Structures are given as C-alpha cells and as structure tokens.
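Have a look at this one.
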Amino acid sequence: MPPTQADSHDAWSRLRPDAVQGVKDLLAQLERNGPTQDLIDVYLYSKRILAEAMEARMSIELGGGCETFHQLRERLAELMQEQFGGKVPEEYLGVPFGSHLHEKLFLLLLQRQGEEVPGTLIRVVAGDSVHTERRVRELRELGLDIETGKIGNVDTYKLNSLHLDTSFIPTIIFNTARNKKHRFMKQSELKRILGLD
C-alpha cells in the first residue's frame with residue numbers, strides 16, 4: 001500500500017532533525033579537515049539521510065495518489081484488449097510499470113506539464129535511488145508523451161500531453177511476453193500477430 005500524506009508528514013518530521021544533524025556533522029568534518037575515512041563516513045551518512053528526508057518532503061508536495069495515472073493505465077488496458085484481446089494470451093495483456101514510484105514520477109511530470117523537469121529533481125522524488133530515470137523512460141514506453149532533453153549536462157523530461165501513443169502497444173505486449181519467457185505463445189507467432197516481424 002502506498003504511503004499516505006500523513007505518512008509523508010511523519011517521515012519528514014522524523015527525518016528532518018537527523019538531516020540537520022548530518023549536515024552539521026559534515027560541515028564540522030570539512031572544517032576540521034581530519035582523516036579522509038572519517039569525512040567519507042559522515043558524507044555517506046549525510047547523503048543517505050538527506051535523500052530520505054528530501055524524498056519525504058517531495059512526497060508532501062506531490063500529495064496523495066494520482067487518479068490521472070490510473071485512468072491512463074486503464075485506458076491503455078482497454079486499447080490493448082480492443083486490438084489484441086482473443087488474439088494473444090491474456091497473460092500478455094497486462095499494463096506494466098504501475099509501481100508507486102512510477103505513479104510519483106508521473107505526478108511530478110503532470111504537475112509540471114509542459115515544463116522540462118531535471119533528472120536531478122526526479123532522483124529527489126525517488127530518494128536518489130539508482131535507475132530512477134529509467135522509471136521515467138518506462139513511462140514513455142507505455143506510450144506517454146514524455147520528451148527527453150538536456151539543459152547543460154543535466155537530462156530533462158517533459159510531459160507534453162496526456163495523449164497515449166497506441167503504436168507502442170505491440171512492443172508493450174512483446175516485452176511482457178519476453179519477460180514471461182514466451183511460455184504462452186511462440187515468439188514467432190506472437191511477432192506475426194503483433195506485426196513485429
């Protein structure tokens with residue numbers, strides 16, 4: 001179950017004092033110019049606690065769940081059924097990439113629709129976890145109108161519209177089948193049905 005607004009407020013209240021102390025400790029280590037290992041230890045702790053605290057703070061700003069995200073996924077499921085229901089195994093017609101993190105990242109892009117959102121902010125929303133920007137690219141793979149770009153050396157992502165590009169549907173289905181190791185239909189037959197051969 002995704003965290004609620006109250007959970008985010010509680011997390012921010014709990015993590016904020018540790019983040020403040022971590023920054024103070026890091027500053028003290030930098031001013032002291034002591035042993036490298038001590039500096040690295042304090043830095044790594046501060047980095048982790050700050051990432052958790054900023055993720056909680058961003059969760060407060062983003063609010064609760066995103067109904068638009070769920071509606072788009074439902075619409076995509078309907079379109080997949082309309083095009084390929086009864087032609088490919090039902091096990092291949094699920095809509096992937098529906099995690100809470102995908103939802104939060106979509107909400108961030110939705111709240112800033114039409115604006116370039118730096119990848120650095122996207123990583124804050126995810127608590128600086130690795131592969132965060134990959135989660136945004138997965139949203140693009142659903143047929144969402146997300147444009148990638150660069151400002152300086154920073155990757156950016158922009159949600160242009162809520163239009164679903166249905167040309168992605170065969171690839172979505174094929175990738176789902178590949179993840180299921182083509183257990184329910186031969187790869188060659190599936191490619192033929194999807195028009196991917």
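Name the single residue, out of those in the range 102-113 being hydrophobic (A, V, I, L, M, F, W, C) and farther than 19 Å from ILE172 by Cα, that is surrounded by the most Cβ atoms within 10 Å (Cβ to Cβ).
By that ranking, first place goes to LEU105.
Does ILE146 qualify as being modelled with pLDDT of 95 or more, more than 25 Å from SER59 (Cα to Cα) and in contact with a Leu (Cβ under 9 Å, 6 or more places away or on another chain)?
No.
Quick one: is LEU50 in contact (Cβ under 8 Å) with a residue 12 or more places away in the chain and under 30 Å from THR171 (Cα atoms)? Full working, then the answer.
On the way: in contact (Cβ under 8 Å) with a residue 12 or more places away in the chain: yes; under 30 Å from THR171 (Cα atoms): no.
It is false that LEU50 is in contact (Cβ under 8 Å) with a residue 12 or more places away in the chain and under 30 Å from THR171 (Cα atoms).
So, in the range 129-158, of the ones that are open to solvent by 70 Å² or more (accessible area, probe 1.4 Å) and not in a helix (DSSP H, G or I), which residue ends up farthest from LEU50 (Cα to Cα)?
So, considering only residues that are open to solvent by 70 Å² or more (accessible area, probe 1.4 Å) and not in a helix (DSSP H, G or I), the one farthest from LEU50 (Cα to Cα) is GLU147.
Would you confirm, using the coordinates I've provided, whether LYS47 is in a helix (DSSP H, G or I), modelled with pLDDT of 95 or more and exposed (fewer than 15 other Cβ atoms within 10 Å of the Cβ)?
In short, no.
Can you list residue pairs whose Cβ atoms sit under 7 Å apart, with the first residue in the range 182-197 being open to solvent by 80 Å² or more (accessible area, probe 1.4 Å) and the second being in a helix (DSSP H, G or I) and among the charged types (D, E, K, R)? Count only pairs 6 or more apart in sequence or on different chains.
Pairs found: PHE184/GLU91; ASP197/LYS191.
Just name the residue that is modelled with the lowest pLDDT out of those in the range 76-126 that are under 11 Å from the mean Cα position of the chain (by Cα) and part of a loop (DSSP other than H, G, I, E, B).
ALA126
Can LEU30 be described as among the aliphatic types (A, V, I, L, M) and open to solvent by less than 80 Å² (accessible area, probe 1.4 Å)? Write out each step before concluding.
On the way: among the aliphatic types (A, V, I, L, M): yes; open to solvent by less than 80 Å² (accessible area, probe 1.4 Å): no.
Against the criterion (among the aliphatic types (A, V, I, L, M) and open to solvent by less than 80 Å² (accessible area, probe 1.4 Å)), LEU30 does not qualify.
The values are calculated or read from the model by the stated rules, or taken from the named source; none is laboratory data. All values reported here derive from a predicted model rather than from experimental measurement. A quick note on method: Cβ atoms are made from the backbone with ideal geometry, for glycine too, and the neighbour counts reach across all protein chains shown. Heads up: the accessible areas ignore ligands, DNA and RNA and are worked out on the full protein's heavy atoms, side chains in. Shrake-Rupley method; radii C 1.70, N 1.55, O 1.52, S 1.80 Å.
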